[in-house]
Amino acid sequence: MRSYPRNSPEAAARIVALVLIADGHVCRSELDTLRQLELERELALPPGGFARVVQTLCEDQLLCVCARGLLAAQIGEDQLAGFMAEVDDPALQRRVLHLASAAALADHHLADAEGVVLEAALRHWGRFSAAAESAAANPRDVPFRSAAWSSLRPAGERAWQRAA
């Protein structure tokens, strides 16, 4: 997989794109949500930039399939860690989490593969333990299968709205 400059719009967009394609199904509601949230503006991508990032990610996945001779490309923990390391600005991390979670929840279902990517972001960006503690304290507020990820949504949305 190719790498992007640290905290670049493309590095941030690739994480959102990975959540988008993680379950193998990109639905219209996910794309509409990202369009409504003005993803390209939020991440400082040029018009059409997100589509190019998604295409590049899919091409990289296809190259991995060909190189490994596997029928299904799977991004491992090391690769996820590398993607997350390319985004170390806390404000950009919050924007990525906001956009990625909005896309993942647009179809009213958090697929296991989407949850894996979102939890990797939380873990690598140091937000996992605080989110898990919050979820344990407020189990009724947990709309997702993963307590650690779910607790970020209510508190996180308010924080992102203030930052906007």
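Data table
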quantity	calculated
Efficiency of FRET from Cβ geometry, residue 77 and residue 36, R₀ 41 Å, rounded to 0.05	0.80
Anisotropy class of the stretch 1-116 from Cα gyration tensor, a/c 1.5 cut	oblate
Net +/- balance of residues flanking residue 27 in space, Cβ distance below 14 Å, scoring K and R +1, D and E -1	-3
Formal net charge of residues neighbouring residue 56 (Cβ-Cβ distance under 12 Å; K, R +1; D, E -1)	0
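Values in this text are rule-based calculations from the coordinates and carry no lab data. All values reported here derive from a predicted model rather than from experimental measurement. Positions of Cβ are backbone-derived with ideal geometry, glycine not excepted, and every protein chain shown enters the neighbour counts.
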